[in-house]
């Protein structure tokens, strides 16, 4: 904040478009293709516009440099997506975005704040999240293969030829 980074807490489609540009920059930096714009348009239509989430944007000299999308349900919050322009990393806008989200949700009585999934081998991101005083838990996934489910519904068991 001392450096002039400003925070805006938003619920507009325009803010989602701004976030999407930052998300594309971040995904490119990580060697990943970005999700299509309509994916985030749907998040706006079905979550943000229904008051189930917010977009927090950090700007510097009127330029968006970092942002995050938060979802909230009941007393729980998750930071679901984040993105930033690495050219401004020295200003630590991601920290400010997260801090402002935490403060807002605490002020409004939310009880649980999740920083989202992280691959076990991503030590840097795990260390960043740990620095916020988080509790790390293992999340187990169950994968269903539709082809196997279709076989089961026709009377054969998984593994049957």
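The values are calculated or read from the model by the stated rules, or taken from the named source; none is laboratory data. Just so we're clear, the structure is a prediction, and the values are computed from it rather than from any experiment. All Cβ positions, even for glycine, are placed from backbone atoms using ideal geometry, and neighbour counts span all protein chains on display.
Residues in the stretch 25-39 that are in contact (Cβ under 8 Å) with a residue 24 or more places away in the chain and touching a helix residue (DSSP H, G or I) at 6+ places or on another chain (Cβ under 9 Å): 25, 26, 29. Considered as a group, the residues in the stretch 75-128 that are at positive phi and out of contact with any helix residue (DSSP H, G or I) (no Cβ under 9 Å at 6 or more places or on another chain) include one that is surrounded by the most Cβ atoms within 10 Å (Cβ to Cβ), and that residue is 92.
Let's see how each residue does on (1) outside any helix (DSSP H, G or I); (2) modelled with pLDDT under 95; (3) touching a strand residue (DSSP E or B) at 6+ places or on another chain (Cβ under 8 Å); (4) more than 11 Å from residue 83 (Cβ to Cβ):
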{"residue": "6", "(1), (2), (3), (4)": "yes, no, yes, yes"}
{"residue": "25", "(1), (2), (3), (4)": "no, no, yes, no"}
{"residue": "28", "(1), (2), (3), (4)": "no, no, no, no"}
{"residue": "54", "(1), (2), (3), (4)": "yes, no, yes, yes"}
{"residue": "64", "(1), (2), (3), (4)": "yes, no, yes, no"}
{"residue": "67", "(1), (2), (3), (4)": "yes, no, yes, no"}
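Consider residue 60 carefully, then state whether it is surrounded by fewer than 21 Cβ atoms within 10 Å (Cβ to Cβ) and in contact with a strand residue (DSSP E or B) (Cβ under 6 Å, 6 or more places away or on another chain). For residue 60, the condition - surrounded by fewer than 21 Cβ atoms within 10 Å (Cβ to Cβ) and in contact with a strand residue (DSSP E or B) (Cβ under 6 Å, 6 or more places away or on another chain) - is met.
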